[in-house]
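Notes follow once the structure below has been shown.
The values are calculated or read from the model by the stated rules, or taken from the named source; none is laboratory data. Predicted model only: the values in this text are computed from it and were never measured. Here Cβ is always computed from backbone atoms with ideal geometry, including for glycine, and neighbour counts include all displayed protein chains. With ligands, DNA and RNA removed, areas are computed over all heavy atoms of the protein, side chains included. Shrake-Rupley method; radii C 1.70, N 1.55, O 1.52, S 1.80 Å.
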Amino acid sequence: IKEEKCDLPSEVDKCLAKEGDKILAALPKKGFRVALCVEGKQMSSPEFSEKLVSLESCGVSEFCFIIGGSDGLSDEVKRAVKLRLSISEMTFPHQLMRVILLEQIYRAFSIASGGKYHK
């Protein structure tokens, strides 16, 4: 979903709401929803792996990760997820966050399978 650009700081909430509506409309009906946001829970790579494996053992087979734009995510989107996850206290461009998240998912499954990727 294309990020809503806000020209004025006073319009941020309005832009987040508009973007949030688009995100909510695009979310799959099933699957475990995870929002990446600054106030989310931070986990180590092994903890993230354990979380995904635990969810799989409970029957979860689909995951939906939501990465917000530069202004974050609307409260409505944050309420619509099962887990709020923070990768870092640092700020990253959302395009780069896609790569970081994908690498962490790969690492999590590598850890779970006893692979040698994770050190």
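Listing for the model above:
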quantity: Area of Cys58 that stays accessible when all protein chains are in place (1.4 Å probe, Å², to 10); calculated: 110 Å²
quantity: Spin-label zone in segment 82-107 - amide nitrogen under 18 Å from a point set 7 Å from the Cα of Lys5 along the C-beta vector; calculated: 93-96
quantity: Accessible area (Å², per residue) of segment 2-65, counting only protein heavy atoms and a probe of 1.4 Å; calculated: 65 Å²
quantity: Bridge type composition, the chain - antiparallel percent by DSSP, nearest 5; calculated: 10 percent
quantity: Nearby lysines by direct alpha-carbon distance to Lys2 (threshold 20 angstrom, same-chain neighbours under 8 apart not counted); calculated: Lys14, Lys18, Lys22, Lys78
quantity: Heavy-atom accessible surface of the chain: percent carbon and sulfur, 1.4 Å; calculated: 54 percent
quantity: Helical mean residue ellipticity (222 nm; -39500 (n - 2.57) per DSSP H run of 4+; nearest 500) of the chain; calculated: -14000 deg cm²/dmol
